[in-house]
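The values are calculated or read from the model by the stated rules, or taken from the named source; none is laboratory data. Everything quoted here is computed from the prediction, not taken from an experiment. Positions of Cβ are generated from backbone atoms using ideal geometry, with glycine treated the same way; all protein chains shown enter the neighbour counts. Calculation scope for accessible area: heavy atoms of the full protein, side chains included, ligands and nucleic acids excluded. Shrake-Rupley method; radii C 1.70, N 1.55, O 1.52, S 1.80 Å.
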Amino acid sequence: MISLHVNELSKYFGKNLVWQNISFDHERGVLGIEGPNGSGKSTLLKCLSGLLSPSSGTVSWENCGQQLEIQTVKHNIGYAAPYISLYRELSIIENLQFLSKLRKITIKEGQLNRLLERVELDQATDKPYGNLSTGQQQRARLAAALFTNPPVLMLDEPGSNLDEQGRSLVSDIVAGAREEKKLVILASNNPDELALCDRIFSVRKEEVVGP
Ligand SMILES: Nc1ncnc2c1ncn2[C@@H]1O[C@H](COP(=O)(O)OP(=O)(O)OP(=O)(O)O)[C@@H](O)[C@H]1O
């Protein structure tokens, strides 16, 4: 079982403080990260996943009490965010095949097709990612986060650009992940998305509300 431990984390960009002295643990369920635009939700997700280094403090990930190397952590995270793009010239299937080669995993055609049906992109499999609508691109990013069935999901504004069916897809993904005992971290300022979470960390107040 993977767990996350954040201790006295602070982040500056140059002289600008984004947030400071953040501490919390996340051991099960769905943690929401909330805060207004520019408060540092995405920056926090990036620091948690090793995409950015914090200015001070520590982020540690453990599996059954054993500390994980950051490379292992990265392989265990499915990350969907507006700033993580797929290759525009490749179709969604080609993008996922490329990612599976990078991760050195084999993904069966049936699995891939089921995933594309789940995100309702099965009619757009041949189009280059760059030619998909913004909502379809968001569905493709969600598929890319899910396709290795990772134990940790980081979802940054997962419902952005999605229609009602797409937003209900996000609810299903979060509920499914909770059932499968995955660790989920969801950053948003949308109350409907935050309502999917078991507990909420407020970047502004620098505290967790919930169990
Ligand atoms: N690479 C960077 N260099 C300098 N400043 C940055 C960088 N990335 C983010 N910032 C700044 O850090 C602050 C937090 O940005 P961040 O994107 O984390 O906020 P957010 O809460 O996710 O915002 P939103 O709700 O609009 O997505 C902002 O003031 C932003 O301008």
Being modelled with pLDDT of 95 or more and at positive phi narrows it down to one of E157, E120, so name that one.
E157
Provide a single number: the residues in the stretch 44-96 that are part of a loop (DSSP other than H, G, I, E, B) and of a type in the set (D, E, K, R).
3
Report, by residue number, each residue of the stretch 124-174 that is of a type in the set (K, R), open to solvent by less than 30 Å² (accessible area, probe 1.4 Å) and more than 29 Å from L68 (Cβ to Cβ).
R139
For R88, the lone unmet condition from (1) open to solvent by less than 90 Å² (accessible area, probe 1.4 Å); (2) in contact (Cβ under 8 Å) with a residue 24 or more places away in the chain is (1)
Matching residues in the stretch 108-117 (in a loop (DSSP other than H, G, I, E, B) and within 26 Å of L186 (Cα to Cα)) number 0
Criterion first (within 16 Å of the ligand (Cβ to nearest atom) and open to solvent by less than 20 Å² (accessible area, probe 1.4 Å)) does W61 satisfy it?
no
Does I84 meet the test of being under 30 Å from D198 (Cα atoms), modelled with pLDDT of 95 or more and in contact with a helix residue (DSSP H, G or I) (Cβ under 7 Å, 6 or more places away or on another chain)?
no
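Each row is one residue, and each column tells you yes or no for (1) more than 15 Å from the ligand (Cβ to nearest atom); (2) modelled with pLDDT of 95 or more; (3) within 24 Å of A144 (Cα to Cα); (4) surrounded by 16 or more Cβ atoms within 10 Å (Cβ to Cβ).
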| residue | (1), (2), (3), (4) |
| --- | --- |
| L4 | yes, yes, yes, yes |
| L9 | no, yes, no, yes |
| N21 | yes, no, no, no |
| G38 | no, no, no, no |
| S55 | no, yes, no, no |
| I70 | yes, no, yes, no |
| L96 | yes, no, yes, yes |
| K101 | yes, no, yes, no |
| K108 | yes, no, yes, no |
Of the numbered conditions (1) within 16 Å of the ligand (Cβ to nearest atom); (2) open to solvent by less than 80 Å² (accessible area, probe 1.4 Å), F13 satisfies every one except a single condition; which is it?
(2)
Checked the stretch 174-189 for anything farther than 14 Å from G29 by Cβ and modelled with pLDDT of 95 or more; matches are A187, S188
